[in-house]
Amino acid sequence: MSLPPRILIIAGSDSGGGAGIQGDIKTATVLGAYAMTAVTAVTVQNTSGVARTFPIPPDIVSEQIRMVLGDIGAGAMKTGMLVSAEIVKAVADAVQRYPAPLVVDTVITAKGGAPLLDNPGIDALRTYLFPLAALVTPNIPEAERLTGMSISSPDAMVAAGEELRKRGARAVLVKGGHLPAESVTDVLVTESGVHRFSGTRLRNPATHGTGCALATAIAVGLAKQWPLPRAVETARDFVRGAIGAGLAFGRGTGPINHLHAAKE
């Protein structure tokens with residue numbers, strides 16, 4: 001029996017289970033990967049939002065990464081919630097010597113609006129992690145925050161992706177779910193050109209965890225040594241299925257159903 005691809009997830013914990021470390025482990029597992037973690041923060045949250053955040057000390061975050069990579073290794077790495085500039089720098093220092101592709105999910109605010117990365121952390125993300133990343137995956141509000149641009153169309157998304165590439169990112173996937181349109185278009189901007197991925201907007205309101213699942217699913221594809229466009233397209237298909245099967249749990253925004261792809 002061949003060994004599964006290994007994914008190191010560097011992110012915060014979601015006590016509600018829909019996003020963060022918990023959602024990422026579900027995504028990696030159902031897609032056939034072995035998930036490892038370096039926890040950056042513990043959040044107190046449910047479907048109604050984030051009530052409190054407790055950051056993990058930066059040296060503990062970096063030691064988790066080094067212990068895992070030095071022993072088990074990884075075929076790909078993925079970052080999510082990083083809280084502060086100090087944690088961003090610790091993560092960058094720990095992963096920079098490891099050759100596996102890194103997917104940086106630019107988690108800045110929670111779906112309910114709670115801040116998950118401070119302003120110095122946003123600057124540190126651009127300075128220290130973007131140059132190490134095989135892919136950066138901002139949604140439109142995050143891309144606007146990172147570039148200072150206003151984004152109101154797929155063409156503007158492309159321009160934002162190109163701007164982020166100028167600022168050090170090798171490839172950028174700008175996610176278009178925040179645009180008010182019947183179809184959702186994501187744009188992948190790379191050195192070799194632009195790829196557009198479109199699909200009909202799904203109306204299921206249970207969407208908590210979409211960004212985390214997408215970045216992790218892409219990392220799984222990269223760990224399988226797929227070309228980046230194929231990894232993105234396959235990950236989008238997975239997330240669309242998870243939204244379509246979303247779970248009406250709780251009184252707020254319910255989670256996507258990561259297990260929709262589980263083999264019976």
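Values quoted throughout were computed directly from the atomic coordinates according to the rules given, and no laboratory measurement underlies them. As the structure is a computational prediction, the values presented were derived from the model and not from experiment. All Cβ positions, glycine included, derive from the backbone under ideal geometry; neighbour counts span all protein chains shown.
How large are Rg and Dmax for region 115-206 when only the alpha carbon atoms are used, in Å?
In Å, with Rg to one decimal and Dmax whole: 13.3, 37.
Cβ under 12 Å from Leu129's Cβ, Leu129 left aside: what net charge do those residues give with Lys, Arg +1 and Asp, Glu -1?
So the environment of Leu129 carries a net charge of +2.
Take the Cβ-Cβ distance between Ala248 and Tyr34 as r, set R0 to 35 Å, and report the resulting FRET efficiency rounded to the nearest 0.05.
Approximately 0.70, to the nearest 0.05.
Compute the Cα gyration tensor for region 8-56, then decide on rounded, prolate or oblate, letting a ≥ b ≥ c be the square roots of its eigenvalues: rounded whenever a/c is under 1.5, prolate when a/b is larger than b/c in the other cases, and oblate in all that remain.
Note, shape of region 8-56 comes out oblate.
What FRET efficiency would be calculated for the residue pair Ser2, Ser48, taking the C-beta separation as r and a Förster radius of 45 Å, to the nearest 0.05?
Taking R0 as 45 Å, the efficiency between Ser2 and Ser48 is 0.60.
Compute the distance in nm between two label points, each set 7 Å from the Cα along the Cα-to-Cβ direction, one at Glu182 and one at Ile60.
5.1
Under 12 Å from the Cβ of Leu8, count the other residues' Cβ atoms, weight Lys and Arg +1, Asp and Glu -1, and hand me the total.
Net charge around Leu8: +1.
Using DSSP to define loop residues, name the trypsin sites (Lys or Arg not before Pro) in region 51-145 whose beta-carbon has at most 11 other beta-carbon atoms within 10 Å.
Arg97
Taking every pair of distinct Cα atoms and averaging 1/r, then inverting, what Kirkwood hydrodynamic radius in Å comes out for region 97-147?
For region 97-147, inverting the mean 1/r across all distinct Cα pairs yields 11.6 Å.
Show me the ranking of peptides 202-208, 219-225 by mean Cβ neighbours inside 10 Å, starting with the highest.
Per-residue Cβ counts within 10 Å, averaged per peptide and sorted highest first, yield 219-225, 202-208.
In whole angstrom, and with the biggest value first, how far do the Cα coordinates of region 168-258 range along each principal axis?
Cα extents, longest axis first: 43, 29, 22 Å.
Using the Kirkwood formula on the Cα atoms of the chain, what hydrodynamic radius do you get, in angstrom to one decimal?
18.0
Based on the alpha-carbon gyration tensor of region 1-83 and its eigenvalue square roots a ≥ b ≥ c, which shape applies: rounded if a/c is under 1.5, prolate if not and a/b is larger than b/c, or oblate?
Taking the square roots of the gyration eigenvalues as a ≥ b ≥ c, region 1-83 is oblate.
For region 12-137, list log₁₀ I(q)/I(0) at each q in 0.11, 0.16, 0.21 Å⁻¹, using the Debye formula over Cα point scatterers of equal strength and ignoring solvent, two decimals each.
-0.34, -0.75, -1.33
Bin by bin, in steps of 10 Å, what percent of the Cα pairs in region 62-215 do you find, going until the bin that has the longest distance?
11, 40, 35, 13, 1
Given the pairs Lys89/Lys175; Lys166/Lys224; Lys26/Lys224; Lys26/Lys89; Lys78/Lys175, which are separated by over 19 angstrom at their Cα positions?
Lys89/Lys175; Lys166/Lys224; Lys26/Lys89
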